[in-house]
Amino acid sequence: MLANASPSDKLSKRLQAIFAQASISRRDMLGAMIGAGMNIATAKSESFAVNELKQQYIDGYNNSSPNKLSTVPDKVANQAEYSQRIWVHGDVMTTRMKETLNKGLSRRMKKSDINKMTRSIPQSGDRIDDNLATPMNQMLSRIHTLTTNEAIRNSNGGKNRAYDEQNVQYVMWLTEEDGNLLSGEHDRVFKGRIYN
């Protein structure tokens, strides 16, 4: 599992704690395997998403300014609040998956129960009780929503910086009148000119 992980300090500390947990019992070893896998996945997701969110800020700026931006403010570069929330979601997902596993183990699962528990469910698929993919898919949906909202926030942050530098006093948003200003594609009207 660790072959391609290249652990950060945060991930390394978590994996050390999981390794200690794994030596307690067989049940703890199975839970530790889930925990290790989810922590590695969370670390990789965090790293990828933080880079994408920085790029959203840069793209928002570059699309709204004649200048090109190469660096971002520290708050955007670190994405500390977003990272913390990703780890919380990952921890909740891990806990729920372990609870599902422990519930199944306490009932002395049969082969059919193990098949049900480990059956793959697409993220858009139906929820199935006592299945490991169900809590994972629920948390992935929440992480997707969080990431989408942060991407919009970062893109708008870059645009606002570009507007401030150009002394844009007024911005008018033209929407599709769907009540969802943040998620649609919008034209921007500045001082009589339309930027698309």
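Here are the numbers:
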| read-out | value |
| --- | --- |
| The one condition in (1) of a type outside the set (Lys, Arg); (2) without any contact (Cβ under 8 Å) to a residue 60 or more places away in the chain; (3) in contact with a helix residue (DSSP H, G or I) (Cβ under 9 Å, 6 or more places away or on another chain); (4) loosely packed, with under 15 Cβ neighbours inside 10 Å that GLN138 fails to fulfil | (4) |
| Breaking point among (1) surrounded by 19 or more Cβ atoms within 10 Å (Cβ to Cβ); (2) over 14 Å from the mean Cα position of the chain (by Cα); (3) assigned to a helix (DSSP H, G or I); (4) not charged (D, E, K, R), for ALA77 | (1) |
| Positions within region 17-51 being of a type in the set (S, T, N, Q), loosely packed, with under 13 Cβ neighbours inside 10 Å and part of a helix (DSSP H, G or I), in sequence order | ASN51 |
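Here's the yes/no breakdown for (1) assigned to a loop (DSSP other than H, G, I, E, B); (2) open to solvent by 30 Å² or more (accessible area, probe 1.4 Å); (3) in contact (Cβ under 8 Å) with a residue 12 or more places away in the chain:
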{"residue": "MET97", "(1), (2), (3)": "no, no, yes"}
{"residue": "THR100", "(1), (2), (3)": "no, no, yes"}
{"residue": "MET109", "(1), (2), (3)": "yes, yes, no"}
{"residue": "ASP113", "(1), (2), (3)": "no, yes, yes"}
{"residue": "LYS116", "(1), (2), (3)": "no, yes, yes"}
{"residue": "GLN123", "(1), (2), (3)": "yes, yes, yes"}
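The values are calculated or read from the model by the stated rules, or taken from the named source; none is laboratory data. Since the structure is predicted, the reported quantities are computational estimates derived from the model, not experimental observations. As a convention, Cβ positions derive from the backbone with ideal geometry for all residues, glycine included, and neighbour counts pool all protein chains shown. Calculation scope for accessible area: heavy atoms of the full protein, side chains included, ligands and nucleic acids excluded. Shrake-Rupley method; radii C 1.70, N 1.55, O 1.52, S 1.80 Å.
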